[in-house]
1. Is there a quick way to get the dipole size of the chain? I mean about its Cα centre, with the Cβ of Lys and Arg at +1 and of Asp and Glu at -1; what is the value in debye to the nearest 20?
2. So for each of 92-100, 279-287 I average, over its residues, the number of other beta carbons within 10 Å; can you give me the resulting order with the highest mean first?
3. Give the average over all directions of the projected area of the C-alpha convex hull of segment 114-156, one decimal, in nm².
4. State which entries of LYS108/LYS157; LYS157/LYS289; LYS52/LYS104 exceed 32 angstrom in Cα-Cα distance in the structure shown.
5. Which of the peptides 141-150, 255-264, 176-185 is most tightly packed, and how do the rest follow, judged by the mean count of other Cβ atoms within 10 Å per residue?
6. Ranked highest first by average number of other Cβ atoms within 10 Å, how do 159-166, 231-238 line up?
7. Greater than 18 Å separation of Cα atoms is the criterion. Which listed pairs, LYS96/LYS159; LYS69/LYS114; LYS223/LYS268; LYS240/LYS268; LYS85/LYS159; LYS223/LYS281, meet it?
8. If I model segment 103-261 as equal point scatterers sitting on the Cα atoms and use the Debye formula, what is log10 I(q)/I(0) at q = 0.14, 0.17 Å⁻¹?
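Please treat every number below as a calculation from the coordinates, not as lab data. All figures in this text were calculated on a predicted structure; none of them were measured in a lab. When we count neighbours, we look across all protein chains shown, and the Cβ atoms used for this are built from the backbone with ideal geometry, even at glycine.
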Amino acid sequence: MAALFSRKCFRLLPTATAAAIRHSSAGARAEPLVLRNLENGILTLTLNNPPKRNALSSAMLLNLHKELKSCSNDDNVRVVLLTSKGDVFSSGHDLKELVITDDKSKTKQIEIFKSCSEVMCMIQDMAVPVIAQVSGLATAAGCQLVTSCDIAIASEKAKFAVPGVNIGLFCTTPGVALGRAVPRKVAMEMLLTGQPISADEALRHGLISRVVSPELLEEETMKIAQRICECSRSVLSMGKAAFQTQMNMDRDAAYYYAEKIMVSNLSKEDGQEGIKSFLEKRRPHWCHK
């Protein structure tokens, strides 16, 4: 029964066709693979290929990379929200792109995995927080995408899996993000069995931040995004970068580094404005410097 469920889950991973890769050519697609909407500081990027289960094809990755890069230095963007159309958040890589036919295909595969890794690292290195809003299944590189975000809010219906072993392709690159988000034994069980976990299990193990009902998913995610927008962009940028850096240090080095960051934070205009506004019992007026 378990094996049957595993195969059933993996059937949810059909891949994007060549037409998706040629989305920019005339008549290929009526809409872009990634929809963009900036409103009140919240940049919403929507994976927009539900017929292909929002597969992270080379074209989809290229679009994501382009959008993330374009907003990284945009002061109007305070937080990025990653979401999707359809019942599947993302099924991971386009398996048709991973079939080896000649030496050129090997070169292309290297580029695909490199592009995927760059997108994941870009999310963590961005100056603004990135939130994943997950309404359905997130598998393989799709699960990796969720795990790479700073915050992840999921519907009760969401599931997460790294099922590559079911087709003889171990999810090694998704394992990088997964192994840094959940306990090692949990990550290994997911990677070695390919079995999906529920949203509640994902929350318990730290893969996501919060689980809400499907009806409240968008509302609750927006509340978090709006709360982030109320804070100083420069302070959040400094804090996010510092957190990522100290996580790779040993304890004593991390404290030494964090002490310096705290002093630098106090030297910022917004650092002093925040303290003054608190002491004066008023709302802070951020200049984002």
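1. For this selection, approximately 340 debye.
2. Packing order, densest peptide first, comes out as 92-100, 279-287.
3. It is 3.0 nm².
4. The answer is LYS108/LYS157; LYS157/LYS289.
5. The most tightly packed comes first, giving 141-150, 176-185, 255-264.
6. 159-166, 231-238
7. Result: LYS96/LYS159; LYS223/LYS268; LYS223/LYS281 exceed 18 Å.
8. So the normalised log intensities are -0.80, -1.09.
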